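All of the numbers you see were taken from the coordinates with simple rules; none came from a lab. Please read all numbers here as calculations on a predicted model, not as lab measurements. Positions of Cβ are generated from backbone atoms using ideal geometry, with glycine treated the same way; all protein chains shown enter the neighbour counts.
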Amino acid sequence: MNAPAELPAPTARATQKAAHEANKLEKRLLRLTGQAIAEYNMIEAGDRVMVCVSGGKDSYGLLDVLLRLRERAPISFDIIAVNLDQKQPGFPADVLPAYLTALGVPFHIETQDTYSIVTRVIAEGKTMCSLCSRLRRGILYRVASELGATKIALGHHRDDIVATFFLNMFHGGKLKGMPPKLVSDDGRHVVIRPLAYVKEADLARYAQVKRFPIIPCNLCGSQDNLQRQEVRKMLAEWDRRHPGRVQTISSSLTRVVPSHLMDTTLFGFRGLVATGVADADGDIGFDETPCSVPESAVEVIRFADGD
Ligand code: SF4
């Protein structure tokens, strides 16, 4: 009998390359999530972290990455996965229990028919998301209390945070994003977003690599929020024309300079006096745009400044 034929070289190389890329992707997800957890002190020893799993790519990724990080964490903490079955038509109620059981992670499925409430209260054709998410939030807070969870982990990522920042600016008139860690609006829970530094494209790719059993998110039949869609399109276009722009915006949210904004509650503009001390980060308000000055121009500027 002939020996089995070897895979043609290009296919073997392609497989190797895919494995290498998947490995890099996993390392990046673990590194960025670990970094966010550490920088915001999201998880402490003895925490019981309730991970909200909707069946979408982001929450599957969150659970998977947290379980991996826990294996190598120097502290011990518990993870419990929670899914809210909102009784949307066609919701495959068996998918998550089967997945979570196979994963060996403790879980709780909360069944609450918010779908009927939302469809009854909201007129046909109007977006239902706002009421739906408010109801969901309240239920998840209650479940967190019942389960004794000390942290509630959500799967929002870098791109959600940047989009929310612009939505609040454009439609709410506020410089306000989606914080990586906050106290819930009922004041009783700490909510964390460990994927705050992770880009959505990485989570989409990770979901493919890991073959997560994705549950479609449009079962309710609601239209995606149009304003959010628009902002997402705007960001995608910016990033296409200027690669890395979304990452720059995300980083800028971690480096806020209140003295160069206009909020009198954040900076004491009224009591501001000259210090007599030069400050390289001081006002550049007369410059056209905040850009770096070429070395050759520095002498000219010194001369003009009278140095
Ligand atoms: S898409 Fe549907 S399930 Fe999701 S928040 Fe909107 S109404 Fe609720």
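Rg and Dmax of the range 1-126, Cα atoms, in Å?
In Å, with Rg to one decimal and Dmax whole: 20.6, 71.
With contacts defined as alpha carbon pairs under 8 Å and 6 or more residues apart, what's the relative contact order of the chain in percent?
Averaging sequence separation for qualifying contacts and normalising by length gives 20 percent for the chain.
For the chain, the longest stretch holding no GluC sites (Glu not before Pro) located in a DSSP loop with at most 13 other Cβ atoms within 10 Å is which? Write down the numbers at each step before the final one.
On the way: sites that count: GLU6, GLU44, GLU124, GLU288.
The answer is 125-287.
In debye to the nearest 20, how big a dipole does the chain give about its Cα centre with +1 on each Lys and Arg Cβ and -1 on each Asp and Glu Cβ?
Around 960 debye, computed over the chain.
Past the 17 angstrom mark, what percentage of all C-alpha to C-alpha distances in the range 166-268 do you count?
Here the long-distance tail beyond 17 Å is 71 percent of all Cα pairs in the range 166-268.
Give me the mean projected area, in nm² to one decimal, of the convex hull enclosing the Cα positions of the chain.
Convex hull of Cα atoms, orientation-averaged projection: 26.0 nm².
List the chymotrypsin sites (Phe, Trp or Tyr not before Pro) within the range 220-287 that fall in a DSSP loop (any state other than H, G, I, E or B) and whose Cβ has at most 13 other Cβ atoms within 10 Å.
Answer in residue order: PHE269, PHE286.
Have a look at GLY177, ALA12, VAL190 and report the one farthest towards the positive end of the charge dipole of the chain, computed about the Cα centre with Cβ charges (Lys/Arg +1, Asp/Glu -1).
ALA12
Apply the a/c threshold of 1.5 to the C-alpha gyration tensor of the range 164-215 and tell me whether it is rounded, prolate or oblate.
Oblate is the answer for the range 164-215, as a/c is 1.5 or above yet b/c matches or exceeds a/b.
Report the extension gain between TYR40 and ASP263 in nm, rounded to one decimal, defined as 0.36 nm multiplied by the number of residues separating them, less their alpha carbon distance. Could the numbers behind the result be given before it?
Details: separation 223, 0.36 × 223 = 80.28 nm, distance 2.43 nm.
Net length gain for the segment: 77.8 nm.
To make sure I understand the rule: partners must be lysines, Cα under 27 Å from the Cα of LYS17, and not fewer than 8 residues away in the same chain. Which ones qualify?
LYS27, LYS57, LYS199, LYS210
For a quick size check, give me the Cα extents of the range 99-189 along its three principal axes, largest first, whole Å.
Computed over the Cα atoms, the extents are 43, 34, 28 Å.
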